[in-house]
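Notes follow once the structure below has been shown.
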Amino acid sequence: MKPYITFDEVEADFREVFASGMFTRGQHVEAFRKELATFTGAKHVHMATSATTALWVCLKLLGIGPGDEVVVSDFSFPASANVVEDLGATPIFADVSLDTYNMLPETLEALLTPRTKAVMFVDALGNPSGMHAISELCRSKGIPLIEDAACAIGSAERGRRCGSIADLTCLSFHPRKLLSTGEGGAITTDNDEWARWLDVKLAHGASGMKGIGLDFVDYGYNFRLPELQAVMGRKQLAKLEDIVEERNQIRNAYKTLLEPLGFKAQGVGPDVRFNVQSVVFTVPKGRDRNSLVAALKEHSIESTLGTYSLSATSYYAANYKVNNPNSRWLEANTITLPCYSGIDVELVSDAIRRSVASQ
């Protein structure tokens, strides 16, 4: 990944922020929040320091704690489960589709118990395929749905962008994301009551004034996004559709060159707009993914695994002893390839072809 922003794009606004001295809670943070609401179609947007803190706050909002269960997609970065664990609740790891890498309704339904207090659907590598089916199941059961959309800004299913489908959606603006503010995140929801709770909790518990000072009506937190980071976010959001289109072209070029070699791209639903956060393939049968990563490194080409089988990580394997075969197989057999503006897809594919031929 390379960032889709340059210093030249932000210099004038940065100078304005420095001149004003408003490094937090300024005009750009508020404008970015409103622009995110318009872009995603969400009624309410609250900024955060990361998708991880956003997820943690959403669990707090739902009152989740010891004795509660949260069903989590098992093919994700550990943050998805870590926030559940941190609050003393139990992560229930749902195996995923070998095609889309996402949680399936039938898998989820088999894991629901009276202790299930929320479901966390992860848009694997930015892919929201199956989100509506999971949302419909959760709604029928009366279970809140949190979308871990850390990778999915710009993605959509059935014409609705991520951020407007689940009850609560958490976005990330980490440097490996399409829209990067260095660090940062956001929470979206259409629930007015939850939005009022977030208004207070994300302001140290303040609501209105008491005399000449703030009135602290509750305890709360500081997970604010600074003004300079909001400037960066606004610039990229304005061109996000173009970024998504370019990344889809890169993915299609990889597919044309690699599928004849036996590589299989991550599956995407027919009604999905995929932001291509990551270009991920399963390697051909009988080929060793780790050897391929090492061979590409010799050509100065960076690649890595798709992502992690959470239940197979050392901590969760020791504490929960879950064996989800699909997520484990995907961790061992997926490869993420370089995807950024100007990438030489033919050069990367030629290196892969030579490596596969030599194995």
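The values are calculated or read from the model by the stated rules, or taken from the named source; none is laboratory data. As the structure is a prediction and not an experimental result, all values here were calculated from the model. Cβ sites come from the backbone with ideal geometry, for glycine too, and all protein chains shown count toward neighbours. To get the accessible areas, we keep the full protein, side chains included, count just its heavy atoms, and leave off ligands, DNA and RNA. Shrake-Rupley method; radii C 1.70, N 1.55, O 1.52, S 1.80 Å.
Computed over protein heavy atoms with a 1.4 Å probe, the accessible surface of the chain works out to 43 Å² per residue.
Compared with the dominant Cα axis of the chain, that is its longest principal axis, helix 289-298 is turned about 90°. Counted over all Cα-Cα pairs of segment 16-145, pairs farther apart than 23 Å make up 41 percent. Each Lys or Arg adds one and each Asp or Glu subtracts one; over the other residues with Cβ under 9 Å from the Cβ of ALA42, this totals +1.
When each of the peptides 298-309, 101-112, 174-185 is scored by how many other beta carbons lie within 10 Å of its residues on average, the order from highest to lowest is 174-185, 101-112, 298-309.
Could you work out how far helix 240-258 tilts from the main Cα principal axis of the chain, as a 0 to 90 degree angle to the nearest 10? Once rounded, the angle reads 20 degrees. Between LEU296, LEU98, LEU347, the Gaussian network model of the chain with springs among Cα atoms under 10 angstrom shows the greatest mean-square fluctuation at LEU347. Highest GNM mean-square fluctuation among ARG247, ARG139, ARG234, for the chain modelled with Cα contacts below 10 Å: ARG139.
The per residue volume of the convex hull around the alpha-carbon atoms of segment 114-224 is 130 Å³.
Placing unit charges on each Cβ (+1 for Lys and Arg, -1 for Asp and Glu) gives the chain a dipole about its Cα centre, and among PHE173, LEU125, VAL280 the Cα reaching farthest toward its positive end belongs to VAL280.
Amide H to amide H distances under 5 Å link THR116 with GLU69, where only residues 5 or more positions off or on other chains count and H is placed in the peptide plane. Segment ASP271..ALA12, full-extension length gain: 89.2 nm, with 0.36 nm per residue of separation and the alpha-carbon distance subtracted.
Out of every Cα-Cα pair that the chain contains, those further apart than 33 angstrom amount to 31 percent.
Using the rule -39500 (n - 2.57) for each DSSP H run of four or more residues, divided by the residues of the chain, the 222 nm mean residue ellipticity is -12500 deg cm²/dmol. In the chain, with Lys and Arg counted as +1 and Asp and Glu as -1 at Cβ, which of these residues, THR256, VAL200, MET22, has the Cα nearest the positive end of the dipole, that is, farthest along it? Among THR256, VAL200, MET22, the one farthest towards the positive end of the dipole of the chain is THR256.
What does the charge count around ASP271 come to, taking other residues whose C-beta lies under 11 Å from its C-beta (Lys +1, Arg +1, Asp -1, Glu -1)? Intermediate values should be presented prior to the final figure.
Working: positive: ARG158, ARG160, ARG273; negative: GLU157.
My count for the surroundings of ASP271 gives +2.
Looking at the chain as a GNM with Cα springs under 10 Å, which of GLU259, GLU147, GLU227 has the largest mean-square fluctuation? Of GLU259, GLU147, GLU227, the most mobile in the Gaussian network model is GLU259.
Taking the Cα centre of segment 139-237 as reference, the dipole from Cβ charges on Lys and Arg (+1) and Asp and Glu (-1) amounts to some 360 debye. Think of each Lys and Arg Cβ as +1 and each Asp and Glu Cβ as -1; about the Cα centre, that makes the dipole of the chain roughly 280 debye. Annotation: CYS339 carries an accessible surface of approximately 10 Å², with a 1.4 Å probe and no ligand, DNA or RNA atoms counted.
Here the chain has 52 percent of its accessible surface on carbon and sulfur atoms, given a 1.4 Å probe and all protein chains in place. For segment 1-77, the convex hull spanned by the alpha carbon atoms encloses 162 Å³ per residue.
Dividing the alpha-carbon Rg of segment 273-359 by 2.2 N^0.38 Å yields what?
1.23
Give me the distance between the Cα centres of segment 328-359 and segment 18-58, rounded to whole Å. Going from one Cα centre to the other spans 36 Å. Rounded to whole numbers, the Karplus 3J(HN,Hα) couplings from phi for segment 90-97 are 10, x, 9, 8, 9, 5, 10, 6 Hz, using 6.51 cos²θ - 1.76 cosθ + 1.60 with θ = phi - 60°, and x at Gly and Pro.
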